[in-house]
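The values are calculated or read from the model by the stated rules, or taken from the named source; none is laboratory data. In this text, all values refer to a predicted model and were calculated from it rather than measured experimentally. Cβ atoms come from the backbone with ideal geometry, glycine included; neighbour counts cover every protein chain shown.
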Amino acid sequence: MISYTNEELLHGILRNDNLILQYIYKNFFYKINFFVKKNSGDDDDSNDVFQEAIIIIYRKLKANDLVLDCSFETYLYSVCRFLWLRHLEKRKAEKEKIQDNHDFNADIYDNAFEETADMNEKYRLYQKHFKNLGTDCQKVLQMFFDKVPLKQIAQVMGFQSEKYAKKRKYKCKEYLVKSIKQDIEYKKILENNL
């Protein structure tokens, strides 16, 4: 059976290498699934936690902010465990009742990790509302976020002027922000960051 070193697994995640990602899923998911299901979760929860953990690891690698001082498997399990405990905390479940029988690395629970997890939550909320915008608004905002000049946005969108493109961008952004702030998830995120 093929096996990979820590470095190969991390480089695979960074490169979004399908073979490596399949290997990680095939070899490590069942432990996460077992842990989550044993602690008030289901298969969907396991999948969410696993995917979020991979995203967090990817972001930390991209930011050059990941130093492994344990096996990849232990690190991945620790990230998933952290995310699930955090989720349970939100559900107001008691941490004391957590049933755990795998190695995990408590040192990963640093502020940067907490911030990355928060960013994921905010990004998911943003994505949810961004997808609900009209196609034109999505295009305008995406170009604006990609630092495309307003003059070019006006040309691409077929607007009469740069001034109208600016007005349109403002309206779309205003609508997106309003929509996010009305979401119950937004209020939960705010409460968690107090």
Looking at Phe145, Phe159 in this structure, which one is closer than 15 Å to Tyr123 by Cα, without any contact (Cβ under 8 Å) to a residue 40 or more places away in the chain and not β-branched (Val, Ile, Thr)? Phe145
Pull up segment 31-87, narrow it to residues that are under 24 Å from Ser3 (Cα atoms), charged (D, E, K, R) and part of a helix (DSSP H, G or I), then point me to the one that is nearest to the chain's Cα centre (by Cα). Glu52
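What residue, of Ser46, Ser40, Ser3, is on the phi > 0 side of the Ramachandran plot and not β-branched (Val, Ile, Thr)?
Values: Ser46 fails: on the phi > 0 side of the Ramachandran plot; Ser3 fails: on the phi > 0 side of the Ramachandran plot.
Within the list Ser46, Ser40, Ser3, the selection yields Ser40.
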Inside segment 135-185, can you point out the residues that are within 23 Å of the chain's Cα centre (by Cα), assigned to a helix (DSSP H, G or I) and loosely packed, with under 15 Cβ neighbours inside 10 Å? Gln142, Phe145, Val177, Lys178, Lys181, Ile184, Glu185
Failed item, numbered, when Leu125 is tested on (1) at pLDDT below 70; (2) in a helix (DSSP H, G or I): (1)
